[in-house]
1. Using a label point 7 angstrom from Cα along Cα-to-C-beta, what distances in nm, from shortest up, separate A:GLU110 from the other copies?
2. What stretch of chain A, leaving out the sites themselves, is the longest with no trypsin sites (Lys or Arg not before Pro) in a DSSP loop having at most 16 other Cβ atoms within 10 Å?
3. Partner chain Cβ atoms within 10 Å, averaged over the residues of B:96-104 - can you pull that number for me?
4. Counting each DSSP H run of 4 or more residues in chain B as -39500 (n - 2.57), what helix-only mean residue ellipticity at 222 nm follows after dividing by all residues, to the nearest 500 deg cm²/dmol?
5. If you line up the long axis of helix A:46-58 against the longest principal axis of chain A, both from Cα atoms, how many degrees apart are they, to the nearest 10?
6. Could you calculate the FRET efficiency of A:SER24 with A:ASP167 from 1/(1 + (r/R0)^6), where r is the beta carbon distance between them and R0 is 22 Å, rounded to 0.05?
7. For peptide A:76-83, compute the average count of partner chain beta-carbon atoms within 10 Å of each residue's beta-carbon.
8. Work out the mean other chain Cβ neighbour count within 10 Å for the residues of B:53-63 and drop it here as an integer.
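Here, each number is a calculation from the coordinates, and none is a lab measurement. A quick note: this is a predicted structure, and the numbers were derived from the prediction, not measured. Neighbour counts are summed over all protein chains in view; Cβ atoms, including those assigned to glycine, are modelled from backbone coordinates with ideal geometry.
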Protein chains: 2
Amino acid sequence: MTNTMETLPLADRLARQLRDLLISGDLIPGQRLSEAAFSERFDVSRNSLREAFRLLTKDGLLRHEANRGVFVSVPTMATIIDIYRVRRMLECGALRQAWHQHPAVRTMREAVESAKAKREQADWLGVGSANMMFHAAVVALSDSSRLSEFYAHVAAELRLGFLLLDDPEGLHAPFVDLNDTILGLTEKGNAHEAAHQMEAYLNLSERAILKAFERSADL
Amino acid sequence: MTNTMETLPLADRLARQLRDLLISGDLIPGQRLSEAAFSERFDVSRNSLREAFRLLTKDGLLRHEANRGVFVSVPTMATIIDIYRVRRMLECGALRQAWHQHPAVRTMREAVESAKAKREQADWLGVGSANMMFHAAVVALSDSSRLSEFYAHVAAELRLGFLLLDDPEGLHAPFVDLNDTILGLTEKGNAHEAAHQMEAYLNLSERAILKAFERSADL
DNA sequence: GCATATTTGTCCGTATGTATA
DNA sequence: CTATACATACGGACAAATATG
């Protein structure tokens with residue numbers, strides 16, 4: 001039929017496309033995704049689209065309401081708090097037992113350098129992306145594909161929250177130097193202090209987001 | 001049509017049913033699940049069944065091979081090692097920051113008592129279930145629904161490995177008393193030592209499973 | 001190595017119940 | 001309260017890939 005390109009299942013490809021639209025802010029939280037509209041838009045059957053919807057719903061990016069359809073998830077304060085509990089567990093845990101010559105440390109350094117460069121150009125979305133790459137690399141220190149995948153899902157959910165707030169400078173830029181500090185401690189093999197600094201980082205970041213949520217709530 | 005009872009989506013109900021068949025050992029690792037056969041067996045359309053397959057594939061319980069269908073996942077040593085990294089991260093992390101009066105502590109105690117009772121009756125499968133309940137309660141100490149859900153998935157995958165080995169007594173019974181020790185330390189508020197004991201527990205348990213895998217491998 | 005049967009991947013049409021204007 | 005729109009689920013169809021004899 002309209003079958004083309006890659007050998008991956010159509011549902012997986014669709015899920016990836018939709019996921020990209022979600023984290024790029026093309027689809028906004030709360031928006032309803034009509035089966036008919038999107039199956040037309042992507043030129044696929046409703047069945048295939050529904051499979052993709054199931055996958056993204058399981059990731060927490062979409063929400064399913066019985067007989068009403070799927071909607072883009074709307075992060076709440078409870079969502080943010082839960083996600084930061086996950087982050088503290090995974091990121092601090094990974095740092096605490098990190099080996100200072102682990103390959104992921106190189107990725108962490110690249111992310112920090114990239115973030116600094118983007119900050120120089122006032123490219124705040126770029127800073128945000130680089131920051132998230134840094135923290136994904138931190139989790140990669142734990143050498144578990146399951147932990148890394150899980151973290152990727154949570155990070156995507158969190159990105160939805162960032163988009164909702166729409167203040168990338170205030171939410172990302174101030175944290176670049178803290179990342180640098182954590183990186184330095186890790187490279188020196190001071191794992192315990194690195195973990196400690198990360199906890200401070202996450203507490204600060206969480207508070208900043210919750211504050212922004214509060215402000216956006218009382219409009 | 002054959003729409004009845006619950007208000008949950010059919011695909012979700014199917015996924016749950018299949019999941020129960022999987023963790024109860026009714027479907028064995030490596031087995032191929034024919035779309036036609038199972039859509040007939042559950043009296044649902046192929047489309048609905050495929051949605052359920054996607055969900056379970058995302059959980060790691062099924063594996064999807066292009067144009068060949070879905071198979072029950074076959075855990076390998078790499079799977080076990082990865083899962084135990086997850087367990088160390090989540091369970092030790094949860095214990096380290098646990099509050100000794102957290103409601104989950106009560107669940108932990110119930111699980112330990114249940115495990116002891118089942119052990120008395122030489123009900124090794126019961127001991128295994130109680131043990132898993134204990135460890136799920138440990139993760140619940142961290143008060144994060146995402147961490148608890150993630151742990152539930154990983155635990156289901158691990159159960160597939162246990163079924164493959166088929167030695168519930170050797171893999172579960174020796175650990176009941178260690179759980180009791182960890183519980184006692186937690187109740188006394190000695191979080192750090194509880195986490196330390198849990199790490200020892202997990203190292204022992206991991207080694208026992210890997211040993212059993214080795215034995216089952218060279219047949 | 002080939003012809004054939006089986007199975008997956010994908011699409012379409014349609015009936016039914018539910019929500020909303 | 002009726003009408004409409006939509007999600008839900010089913011069944012049939014066919015091409016492509018795979019397994020089988």
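1. For A:GLU110, the other copies' label points sit at 4.9 nm, shortest first.
2. On the way: sites that count: A:ARG68, A:LYS188.
The longest uninterrupted stretch comes out as A:69-187.
3. Partner Cβ neighbours, averaged per residue: 1.
4. -22000 deg cm²/dmol
5. 30
6. Working: r = 17 Å, r/R0 = 0.77.
So, using R0 = 22 Å, E works out to roughly 0.85.
7. Working: counts 0, 0, 1, 2, 0, 2, 6, 2.
Taking all residues of A:76-83 together, the mean is 2.
8. Partner-chain Cβ atoms within 10 Å, mean over residues of B:53-63: 3.
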